[in-house]
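**Q** Before I ask anything, let me first share the structure, which is written out below as structure tokens.
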């Protein structure tokens, strides 16, 4: 826990084609952390569209961000276009080096991997990208939220809400996180039990895998290239 | 369930001072409903800020919306400023009359009440506003998601995700909702059990009630006025 009197700079990365709730889920938590400045940063100060068309506007461009204490990296299909974008990856790398806390959601973890920040870390990501973590030197941990020191990794999409509450507790203590949870009435009751590959009906899982097969193949090719660049031994198989 | 070949017009209301996840939680579901056009409508086509500063941009102004088949009304403190805004309330009323399905999240239910649409309906809202539902002639039901015919009411804030999945199943069948749930990896694991007044630690609940006391008093005064206008007998006490 960080002393309550220490002001925190918290920042989320925003980019074209992110999955919006990777950002807006944690936003609900991060924006309520006491004694903190929370801002959203994107490659430029212009609006972007999430993968389903939601228009989101950053508070400032990456270049105008101060050194952050907490860096939040969301994911979504648009992550793939940034995996060789040194302007964005370099920003992530520099911010992560100075930030005490790094928090990825969904395939935001792959961006941390592209920035060569995952080596030796216990991490997770969206189920469709989970098998790619070893390419970046990470140790995949099949849990919804993985805490590795001061880094927090959330699995896919809505796992960012759980991860952000965990992060809030790390930063400001459990009672702060509990108060935020009450305000956002977060006592989820999913009407179906189809949220993971383990629990989803087989036919639905198969269709979901087919639907992401093309992006998954592209992500794997990129990950293989990055593994080669980093000198990471490729996983067997 | 609506025939899969019937195209759906789905629309969310966006307004200044909403609680962003009341919109962005359901967005993740509604934007993935097959054979549908999903758009966000606001009083003007300009961006607004959510209560914590997130800038959101509508797809079009209210006046440019077609008749919707599904109307989604989020809440948040900014709802209170619209409770006597006949331009917005009239739009909600007209859309709700033509829409087969109406879906409110959090204090979006109070906007439906302000539009005189709650009389006789089983409904819910955020815990801090739950006691106000009878002023609008509604029957409060203390559940996270309340389905009243083709209307769906979600309790506070994050309940909108559960409500939207329920709505998706009503519109397109359970398998569509399950596929959406898998894609968004919605198998929540809140790290604490503080999401409702029943489960939150007493001291945290007390502070939360204090924090919303002023807006709650204003909402109650408004609700009393609307009850008088509608000729609804005030609840005892």
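**Q** I need the full set of residues from segment A:116-165 which are crowded, with 24+ Cβ neighbours inside 10 Å, within 12 Å of chain B (Cβ to nearest Cβ) and part of a loop (DSSP other than H, G, I, E, B), in order please.
**A** Correct list: A:124, A:125, A:126, A:155, A:156, A:157, A:158.
**Q** Related question: Counting only residues that are part of a helix (DSSP H, G or I) and more than 30 Å from residue A:181 (Cβ to Cβ), how many does segment B:93-115 have?
**A** Residues that pass the stated criteria total 6.
**Q** Identify all residues within segment A:89-124 that are within 12 Å of the chain's Cα centre (by Cα) and farther than 17 Å from residue A:12 by Cβ; write none if there are none.
**A** A:113, A:123, A:124
**Q** Also, quick follow-up: Could you say which residue among B:204, B:180 is closer than 22 Å to residue B:103 by Cα and at pLDDT 95 or above?
**A** B:180
**Q** Among the residues of segment B:60-84, which ones are closer than 17 Å to residue B:48 by Cα and more than 16 Å from the chain's Cα centre (by Cα)?
**A** Of everything in segment B:60-84, those that are closer than 17 Å to residue B:48 by Cα and more than 16 Å from the chain's Cα centre (by Cα) turn out to be B:60, B:61, B:62, B:63.
Residue by residue, here is whether (1) touching a residue at least 24 places away in the same chain (Cβ under 8 Å); (2) more than 19 Å from residue A:40 (Cα to Cα); (3) in contact with a helix residue (DSSP H, G or I) (Cβ under 6 Å, 6 or more places away or on another chain); (4) in a helix (DSSP H, G or I) holds:
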site	(1), (2), (3), (4)
B:15	yes, yes, yes, no
B:18	yes, no, yes, no
B:28	yes, yes, yes, yes
B:39	yes, yes, no, no
B:45	no, yes, no, no
B:53	no, no, no, no
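**Q** Quick one: count up the residues across segment A:64-80 that are in contact (Cβ under 8 Å) with a residue 24 or more places away in the chain and more than 14 Å from chain B (Cβ to nearest Cβ).
**A** 11
**Q** Filter segment B:178-207 for residues that are under 22 Å from the mean Cα position of the chain (by Cα), within 7 Å of chain A (Cβ to nearest Cβ) and touching a residue at least 60 places away in the same chain (Cβ under 8 Å); which is farthest from residue B:18 (Cα to Cα)?
**A** B:184
**Q** Right, something else. Return yes or no: is residue B:211 loosely packed, with under 15 Cβ neighbours inside 10 Å, closer than 30 Å to residue A:144 by Cβ and more than 9 Å from chain A (Cβ to nearest Cβ)?
**A** Spelling it out, it is not the case that residue B:211 is loosely packed, with under 15 Cβ neighbours inside 10 Å, closer than 30 Å to residue A:144 by Cβ and more than 9 Å from chain A (Cβ to nearest Cβ).
**Q** Among (1) touching a residue at least 40 places away in the same chain (Cβ under 8 Å); (2) touching a strand residue (DSSP E or B) at 6+ places or on another chain (Cβ under 8 Å); (3) within 15 Å of residue B:180 (Cα to Cα), which single condition is residue A:171 missing?
**A** Just one mismatch for residue A:171, condition (3).
**Q** Report yes if residue A:169 is assigned to a helix (DSSP H, G or I), modelled with pLDDT of 95 or more and more than 14 Å from chain B (Cβ to nearest Cβ), otherwise no.
**A** No; evaluated as a whole, the condition is false for this residue.
**Q** Just to be sure before I move on: is residue A:4 more than 17 Å from residue A:95 (Cα to Cα), touching a residue at least 60 places away in the same chain (Cβ under 8 Å) and within 17 Å of the chain's Cα centre (by Cα) in the structure I sent?
**A** When the stated conditions are applied, residue A:4 does not pass them.
**Q** So how many residues does segment B:99-115 have that are surrounded by 24 or more Cβ atoms within 10 Å (Cβ to Cβ) and touching a strand residue (DSSP E or B) at 6+ places or on another chain (Cβ under 6 Å)?
**A** 8
**Q** Still on this structure, please answer the following. Suppose we filter segment A:209-224 for residues that are touching a residue at least 24 places away in the same chain (Cβ under 8 Å) and assigned to a helix (DSSP H, G or I); how many remain?
**A** Qualifying residue count for the region: 9.
The values are calculated or read from the model by the stated rules, or taken from the named source; none is laboratory data. All figures in this text were calculated on a predicted structure; none of them were measured in a lab. So basically every Cβ, Gly included, is an ideal-geometry build from the backbone, and we count neighbours across all protein chains shown.
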